[in-house]
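The values are calculated or read from the model by the stated rules, or taken from the named source; none is laboratory data. Every value quoted in this text rests on a predicted model; they were computed, and no experiment measured them. Reconstructed Cβ throughout: ideal geometry from the backbone, glycine too, with neighbour counts over all protein chains shown.
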Amino acid sequence: MAPRESRLPVFHQWSGTKGRPWEERPFFLIRDLDTLVKFFARIPFEDHLPHVDFDKTMIFVACPGPTLFDYQPMRVVGFFRNDLRYTVLLDLDRRKTGGYWRNPWVVALLPAIPKGDVDVMRVGDPRRGEPTRVPLFTIWDMTRPRDLPLTPAQPWQAPNTEPPLPTHGFDLRPKPVEYIVVMESPKAAVTSIDKIAQPLPQRPKVLPPLKGPLGPPPRKTIPGQSSLVKTGSTPSTPSGSSASSGASAAPSGTAATSSSGQSPAGGSGSGSGSTPVIPPDSPVASGSGDPLGDAFNLDF
């Protein structure tokens, strides 16, 4: 079972923006009075040299170096222990408010540790997908013979203590993005909008002539036309007809007359039931009285 991490106190801390870097290392520890005096001559973080009991406490110094960015705030927000591994957690909020050179620094008074390595980390930004702690530097303990490997700081993610959301039977795990690759473009006609549209072909106004010979137009017939005879013909009289019908047989070559005595030319004859004579060259036309009884059946 892995050892559980414990939290240690941070007694006091100082910070500023006009420091003078003392060493090439951006992060280091002060464990004796002689080192503290030399550091205080370059960065006077107090009015007077403070009294520090190095048997129980130590000083942690963070001085990244000159920069045009504004580190506000820059402070120690936690000191943790996990077996013989210690972690100093910094809050570095780098803002792009340049204009002049700065040399930010922070000094923190921490509990003394007999032996072990110190990992310097900063608070991660979850909006950028960073873990809870982002490693910056590792201070290895070289004051005594080492019995631990030299391992640098590793990113650390805090366990999620929030209860999971109810899924109600749905799979809410993120799915990999699937891409559909089309190897062949679809066969579609593309028309340029710059081309001038052509008018649609119109149907011919004159119909082509019909194939084959055309016969004479049909003649118009009316009911009772079959009873009309041409000049020089004699209507047939059925045998056994009586003389009361008013029709008498006529010799060949003469028109038959009715018993009323009217002639076909103007009605001046002696008979009134004679058959009208139709000239051979004239078209067939109805008389003054339409045999169909239709006032609109006219011939022109």
Any chance region 49-57 includes a residue that's buried (at least 16 other Cβ atoms within 10 Å of the Cβ) and in contact with a strand residue (DSSP E or B) (Cβ under 6 Å, 6 or more places away or on another chain)?
-> no
For region 1-14, the count of residues that are surrounded by 15 or more Cβ atoms within 10 Å (Cβ to Cβ) and at pLDDT below 90 equals 0
Just to be sure, is VAL10 in contact with a Gly (Cβ under 9 Å, 6 or more places away or on another chain), among the β-branched types (Val, Ile, Thr) and closer than 18 Å to VAL120 by Cα?
-> yes
Is it true that some residue in region 42-62 is under 10 Å from TRP105 (Cβ atoms), touching an Asp or Glu at 6+ places or on another chain (Cβ under 9 Å) and not β-branched (Val, Ile, Thr)?
-> no
Among the residues of region 65-76, is any surrounded by 14 or more Cβ atoms within 10 Å (Cβ to Cβ) and not in a strand (DSSP E or B)?
-> yes
Considering every residue within region 35-48, establish whether at least one is surrounded by 12 or more Cβ atoms within 10 Å (Cβ to Cβ), within 24 Å of GLN154 (Cα to Cα) and of a type outside the set (A, V, I, L, M, F, W, C).
-> no
Subset of region 125-145, residues touching an Asp or Glu at 6+ places or on another chain (Cβ under 9 Å) and without any contact (Cβ under 8 Å) to a residue 12 or more places away in the chain, comes to none
If a residue has to be modelled with pLDDT of 90 or more, out of contact with any Ser or Thr (no Cβ under 9 Å at 6 or more places or on another chain) and part of a loop (DSSP other than H, G, I, E, B) to count, how many in region 18-43 make the cut?
-> 1
Would you please list the contacts, defined by Cβ atoms under 6 Å and residues six or more apart or on different chains, that run from a residue in region 4-15 that is closer than 29 Å to PRO44 by Cα to a residue that is among the β-branched types (Val, Ile, Thr) and part of a strand (DSSP E or B)?
-> VAL10/VAL76; GLN13/VAL76; TRP14/VAL107; SER15/VAL106
